Amino acid sequence: MFLSSLPEANYRSMVFATGGHWTVGTIPVFKNDSDLETQGYGEMLRFYEMAMEFWTDKATSMLEQAKDYDRERGIVRKERQIIVRGYGPGHADCNDPDRRMGGPVMEFQKEMFEPWNWKWILRYNKVFQVRLIFYLSPWRYLGLLIILSENIEEA
């Protein structure tokens with residue numbers, strides 16, 4: 001739909017969030033309980049890097065083809081862009097309506113990083129920060145300010 005012709009689609013921006021649901025629970029082939037340090041997230045991150053390399057190349061190519069299509073037909077529109085939003089770690093109570101912390105959390109404590117892939121989120125974000133250095137357009141990276149408490153090692 002993002003690349004459909006006018007007037008069906010007149011989208012200029014697609015917003016894409018980094019690796020929030022790339023977990024060993026959602027893609028269990030990477031789960032490795034014998035690896036106490038990473039539990040499989042090291043391999044998951046390498047796969048994520050390859051998948052995002054493929055996806056950014058493919059999406060860039062599709063946007064270039066759409067731009068050529070518009071130009072050939074005399075269609076004038078603002079350049080489309082893809083905004084990559086850096087993901088922020090969650091907290092264990094984010095889905096519990098009785099214990100939900102209202103709004104974004106500005107400081108993360110070590111215990112918030114334990115479930116799911118939150119310990120790895122900064123690394124997932126870095127994949128795009130590094131990858132998008134190669135693309136001046138149509139990509140934009142929107143990083144999030146995350147304050148880590150002193151007792152958390154940088155991911």
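The values are calculated or read from the model by the stated rules, or taken from the named source; none is laboratory data. Keep in mind that what you see is a predicted model, and the values were worked out from it rather than measured. We place every Cβ from the backbone using ideal geometry, glycine too, and count neighbours over all the protein chains shown.
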Check: In the stretch 14-61, how many are of a type outside the set (Phe, Trp, Tyr) and farther than 22 Å from residue 82 by Cα?
Finding: 21
Check: Here are some residues: 122, 145. Which one is of a type outside the set (S, T, N, Q) and at pLDDT below 80?
Finding: 145
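Filter the stretch 31-61 down to the residues that are assigned to a loop (DSSP other than H, G, I, E, B) and surrounded by fewer than 12 Cβ atoms within 10 Å (Cβ to Cβ), then identify the one that is modelled with the lowest pLDDT.
Result: 36.
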Notebook entry, point to check: Among (1) in a loop (DSSP other than H, G, I, E, B); (2) surrounded by 13 or more Cβ atoms within 10 Å (Cβ to Cβ); (3) in contact (Cβ under 8 Å) with a residue 12 or more places away in the chain, where does residue 78 come up short?
Noted result: (2)
Next item on the list: Looking only at the stretch 16-23, decide whether some residue is at pLDDT 85 or above and not acidic (Asp, Glu).
Entry: yes
Margin query: Of the conditions (1) modelled with pLDDT of 75 or more; (2) not in a strand (DSSP E or B), residue 102 satisfies every one except a single condition; which number is it?
Written below: (1)
Note to self: Looking at the stretch 62-75, can you tell me whether even one residue there is β-branched (Val, Ile, Thr) and assigned to a helix (DSSP H, G or I)?
What the structure shows: no
Item checked: Test: residue in the stretch 3-15 that is crowded, with 16+ Cβ neighbours inside 10 Å and either within 19 Å of residue 133 (Cα to Cα) or among the charged types (D, E, K, R) (or both) -> yes
